[in-house]
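> Below is one structure. I have some questions about it.
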Amino acid sequence: MKKIYSKADGVIVDDMLHFGYGHIDAARALLEDDAAYLDSAGYLAHLGTEVVLKSWHLHVFGQFEEGHKLQELYDKLKTHDNKNNLGTENEEFLKELDKLYLLRYPRKKEGPVEVGSDMLTIFDNFLESLWRNLPDEMIDIYNRIDPTKKGGRVLMQKKI
């Protein structure tokens, strides 16, 4: 049985959006950097998308289930409200993005998972569509996030 998370567990839409888009921004930076970071970029792209979709579940359903399948998360949102439509290309990309979860461990025996800097443009298009489909209340929540505070902490750089 999958664990179900809700506000009672201390998760809130604000934090989920902040963490999700933080992972997405990190993925984008790594995709633009060095090929050595592509696996990490792909995994973070998946993770960030997962957390954003789960924040959407939390907003709409008041909870989200443990699990990592992006397609299942999106399909449940689409079933709830058929106005949610990322578009054919972005829904196809979601299937590719779902595979990037496998980048968290080496896969010598199972075979490689393809990831490359060429996916950045497609990822950006996907993110734009995802943003356009988010409920207005979630966009308002995101726009009110204080970037210096995250998950109950104050973020700061220390001099080295």
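> Relative contact order (percent) for region 3-80, with alpha-carbon contacts under 8 angstrom and 6 or more residues of separation?
It comes to 37 percent, rounded to a whole number.
> Another one. Report the one residue of L155, L73, V52 whose Cα lies farthest in the direction of the positive end of the charge dipole of the chain (charges on C-beta: Lys and Arg +1, Asp and Glu -1; origin at the Cα centre).
Value computed over the given set: L155.
> Now a separate question. Filter the cross-link list K3/K69; K3/K78; K78/K150; K3/K149 down to pairs whose alpha-carbon distance in this structure exceeds 18 Å.
Over 18 Å apart, Cα to Cα: K3/K78; K78/K150; K3/K149.
> What list of ³J(HN,Hα) values in whole Hz, one per residue of region 127-138 in order, does the Karplus curve 6.51 cos²θ - 1.76 cosθ + 1.60 (θ = phi - 60°) give from phi, with Gly and Pro shown as x?
Using θ = phi - 60°, the values come out as 4, 4, 5, 4, 4, 5, 8, 4, x, 3, 4, 6 Hz.
> For the pair A36/E92, report the inter-label distance in nm, with labels modelled 7 Å from Cα in the Cβ direction.
Between A36 and E92, the label points sit 3.5 nm apart.
> Dipole size in debye (nearest 20) for the chain around its Cα centre, Lys and Arg Cβ +1, Asp and Glu Cβ -1?
Dipole magnitude for the chain comes out near 720 debye.
> Just want to confirm a number: the relative contact order over the chain, from Cα pairs under 8 angstrom separated by 6+ residues, in percent. Provide the component values of the computation, followed by the final result.
Numbers: 178 pairs, mean separation 43.3, N = 160.
Taking the mean separation of contacting Cα pairs over the length of the chain, I get 27 percent.
> Determine ³J(HN,Hα), in whole Hz, for all residues of region 19-25 in sequence, where each value follows from phi through the Karplus function 6.51 cos²θ - 1.76 cosθ + 1.60 and θ = phi - 60°; x replaces Gly and Pro.
Result, ordered by residue: 5, x, 6, x, 5, 5, 4 Hz.
> Could you state the orientation-averaged shadow area of the convex hull built on the Cα atoms of the chain, in nm² to one decimal? Please report the intermediate quantities before stating the final value.
Values: hull surface 45.7 nm².
Answer in nm², one decimal: 11.4.
Read-outs: derived from the displayed coordinates by stated rules, not from any lab. All values reported here derive from a predicted model rather than from experimental measurement. We place every Cβ from the backbone using ideal geometry, glycine too, and count neighbours over all the protein chains shown.
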